[in-house]
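The values are calculated or read from the model by the stated rules, or taken from the named source; none is laboratory data. These numbers were taken from a predicted model, which means no experiment stands behind them. Cβ placement follows ideal geometry from the backbone for every residue including glycine, while neighbour counts extend to all protein chains displayed.
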Amino acid sequence: MRSLIDILELSTTELDELIATAEDIIKNPAKYSEACKGKKLASLFFEPSTRTRLSFEAAMYELGGNVLGFSEAASSSTAKGESVADTAKTVSCYADIIAMRHPKEGAPLVAAMNSSIPVINAGDGGHNHPTQTLADLLTIKREKGGLSGFTIGFCGDLKFGRTVHSLIAALSRYAGIKVVLISPEELKLPSYIKKDILKKNNIPYTQTENLDEVIGDLDILYMTRVQRERFFNEADYVRLKDSYILTPKKLENAKADLTIMHPLPRVNEISVAIDNDPRACYFKQVLNGKYMRMALILKLLEVDVK
Ligand code: CP
């Protein structure tokens, strides 16, 4: 039995297989419509979510399975003091697979260590978000035709943005990637990711606070929201929240085939005036996330669809 806590638990071959399965689901949805008949997904969300929770639930329904769970800690026995370990043991009695989001880094790992069914990390604090990365990889593959040989800029809150951490880790598996890190000083990418991922894999990277200076070099621009919920101090959030706002004017120097991504939700980081620009791919990411979560559920439940 396997869980998915960190994107690096999947080999490059497995990432490519998941993408291939998702692409087959897109082409042949009927083939998969009863693949998980009789199976149940427990959707345990201790922190707010729109896309991740609903796409996991839609994924399981589209595979013919069922869903149970909760969307806030307050409506579970966590409010009475139950531990993550006991919750995982309990839910293992009712479901076949768990998708868990939790504000504490490492909570899904604790769940996996105490569960008798697979656990998927649906986002843990400011740490990792591996299934958003699956959505991002499928989006890049579909937009760029492959997962190698491009320059990607990550812009905004690179300190707390868990989707950035997981995507950088996944991209370290592919050749010819260059990374541009664009953030205020206080929201720079954590040193351990630079050391353990970028430097260790000889991935060229630069750091800047100025998006305008580098936007013309980018094949992909990955915008992020400043993560208000991870700040200790509201004044710091207010000072930093509008550090980067992508507008049509800012795109004047961008490549004609730039791919603009954002894991969403957005606050102010991308003007709605860009939504109809053909380079805007953030709502494509939302849809791709459902297909990749379908592929992941099939893999972890070891369901083979012919
Ligand atoms: N991208 C993402 O994780 O969105 P939600 O917080 O709405 O799930």
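Could we say that Ser116 is in contact (Cβ under 8 Å) with a residue 40 or more places away in the chain and more than 16 Å from the chain's Cα centre (by Cα) here?
Working: in contact (Cβ under 8 Å) with a residue 40 or more places away in the chain: yes; more than 16 Å from the chain's Cα centre (by Cα): yes.
Yes: the conditions hold for Ser116.
If I go through the stretch 114-129 residue by residue, how many of them are within 11 Å of the ligand (Cβ to nearest atom) and over 15 Å from Lys290 (Cβ atoms)?
Within the stretch 114-129, the subset within 11 Å of the ligand (Cβ to nearest atom) is 122-123, 129.
Next, only the ones that are over 15 Å from Lys290 (Cβ atoms) stay: 123, 129.
So the count comes out to 2.
Take the conditions without any contact (Cβ under 8 Å) to a residue 24 or more places away in the chain and more than 16 Å from the ligand (Cβ to nearest atom) and apply them to Gly106. Does it pass?
Numbers: without any contact (Cβ under 8 Å) to a residue 24 or more places away in the chain: yes; more than 16 Å from the ligand (Cβ to nearest atom): yes.
Yes.
Scan the stretch 246-269 and give yes if some residue there is free of Cβ contacts under 8 Å to residues at least 24 places away in the same chain and either surrounded by 12 or more Cβ atoms within 10 Å (Cβ to Cβ) or touching a Pro at 6+ places or on another chain (Cβ under 8 Å) (or both), otherwise no. It would help to see each step written out before you state the result.
Step one: of the stretch 246-269, the residues free of Cβ contacts under 8 Å to residues at least 24 places away in the same chain are 249, 252, 256.
Those still in the list that are either surrounded by 12 or more Cβ atoms within 10 Å (Cβ to Cβ) or touching a Pro at 6+ places or on another chain (Cβ under 8 Å) (or both) too: none.
Looking through the stretch 246-269, none of the residues is free of Cβ contacts under 8 Å to residues at least 24 places away in the same chain and either surrounded by 12 or more Cβ atoms within 10 Å (Cβ to Cβ) or touching a Pro at 6+ places or on another chain (Cβ under 8 Å) (or both).
Is it fair to say Thr139 is within 17 Å of the chain's Cα centre (by Cα) and of a type in the set (Ser, Thr, Tyr)?
Yes: the conditions hold for Thr139.
Check Ala59, Ala85 and return the single one that is at pLDDT 95 or above, among the aliphatic types (A, V, I, L, M) and either within 12 Å of the ligand (Cβ to nearest atom) or surrounded by fewer than 17 Cβ atoms within 10 Å (Cβ to Cβ) (or both). I'd like the intermediate steps shown before the answer.
Working: Ala59 fails: either within 12 Å of the ligand (Cβ to nearest atom) or surrounded by fewer than 17 Cβ atoms within 10 Å (Cβ to Cβ) (or both).
Of the residues listed, the single one that is at pLDDT 95 or above, among the aliphatic types (A, V, I, L, M) and either within 12 Å of the ligand (Cβ to nearest atom) or surrounded by fewer than 17 Cβ atoms within 10 Å (Cβ to Cβ) (or both) is Ala85.
Name the single residue that is nearest to Ile177 (Cα to Cα) among those in the stretch 99-154 being outside the structural domain of His262 (by TED's automatic domain parsing) and among the acidic types (Asp, Glu).
Residue satisfying both the conditions and the ranking: Asp124.
Filter the stretch 110-141 down to the residues that are assigned to a loop (DSSP other than H, G, I, E, B), within 26 Å of Tyr61 (Cα to Cα) and touching a Pro at 6+ places or on another chain (Cβ under 8 Å) and list them by number.
Filtering the stretch 110-141 for residues assigned to a loop (DSSP other than H, G, I, E, B) gives 115-118, 125-127, 129.
Now narrow it down to the ones that are within 26 Å of Tyr61 (Cα to Cα): 115-118, 129.
Hit for the stretch 110-141 is His129, nothing else.
If you go through the stretch 95-133, how many residues are farther than 24 Å from Asp157 by Cβ, buried (at least 24 other Cβ atoms within 10 Å of the Cβ) and of a type outside the set (A, V, I, L, M)?
Result for the stretch 95-133: 1.
Out of Leu246, Leu240, Leu198, report the one residue that is closer than 14 Å to Lys159 by Cβ and assigned by TED's automatic domain parsing to the domain that holds Leu181.
Values: Leu246 fails: closer than 14 Å to Lys159 by Cβ; Leu198 fails: closer than 14 Å to Lys159 by Cβ.
Step by step, each of Leu246, Leu240, Leu198 is checked, and only Leu240 is closer than 14 Å to Lys159 by Cβ and assigned by TED's automatic domain parsing to the domain that holds Leu181.
I want to confirm something. Restricting to the stretch 154-205 and keeping residues that are acidic (Asp, Glu) and in contact with a helix residue (DSSP H, G or I) (Cβ under 7 Å, 6 or more places away or on another chain), which single residue is surrounded by the fewest Cβ atoms within 10 Å (Cβ to Cβ)? Write out each step before concluding.
Within the stretch 154-205, the first condition is being acidic (Asp, Glu), and the residues that meet it are 157, 185-186, 196.
Add one more test, that the residue is in contact with a helix residue (DSSP H, G or I) (Cβ under 7 Å, 6 or more places away or on another chain), and what stays is 157, 186.
On the way: Asp157: 30, Glu186: 12.
Residue satisfying both the conditions and the ranking: Glu186.
Is it true that Thr224 is touching a strand residue (DSSP E or B) at 6+ places or on another chain (Cβ under 7 Å), under 27 Å from Gly145 (Cα atoms) and assigned by TED's automatic domain parsing to the domain that holds Ala135?
Details: touching a strand residue (DSSP E or B) at 6+ places or on another chain (Cβ under 7 Å): yes; under 27 Å from Gly145 (Cα atoms): yes; assigned by TED's automatic domain parsing to the domain that holds Ala135: yes.
Taking the combined requirement at face value, the residue satisfies it.
All but one of (1) touching a residue at least 12 places away in the same chain (Cβ under 8 Å); (2) of a type in the set (D, E, K, R); (3) loosely packed, with under 13 Cβ neighbours inside 10 Å hold for Lys27; state the number of the condition that does not hold.
Failing condition for Lys27: (1).
Within the group Leu138, Leu158, Leu134, which residue is closer than 22 Å to Asp217 by Cα, touching a Leu at 6+ places or on another chain (Cβ under 9 Å) and within 16 Å of the ligand (Cβ to nearest atom)?
Result of the check over Leu138, Leu158, Leu134: Leu158.
Which of the residues spanning the stretch 220-230 are more than 16 Å from the ligand (Cβ to nearest atom) and surrounded by fewer than 19 Cβ atoms within 10 Å (Cβ to Cβ)? So that I can check it myself, show each step before the final result.
Pass one, the stretch 220-230, residues more than 16 Å from the ligand (Cβ to nearest atom): 220-221.
Correct list: empty.
So which of Val214, Val238 is at pLDDT below 80 and part of a helix (DSSP H, G or I)? Reasoning before the result, please.
Values: Val214 fails: at pLDDT below 80.
When all the criteria are applied, what remains is Val238.
For the stretch 142-211, list the strands (runs of 3 or more DSSP E) that sit wholly inside it and hold at least 3 residues that are β-branched (Val, Ile, Thr) and at negative phi; which are they? I'd like the intermediate steps shown before the answer.
Values: elements: 151-155, 178-182, 205-208.
The strands (runs of 3 or more DSSP E) meeting that bar are 178-182.
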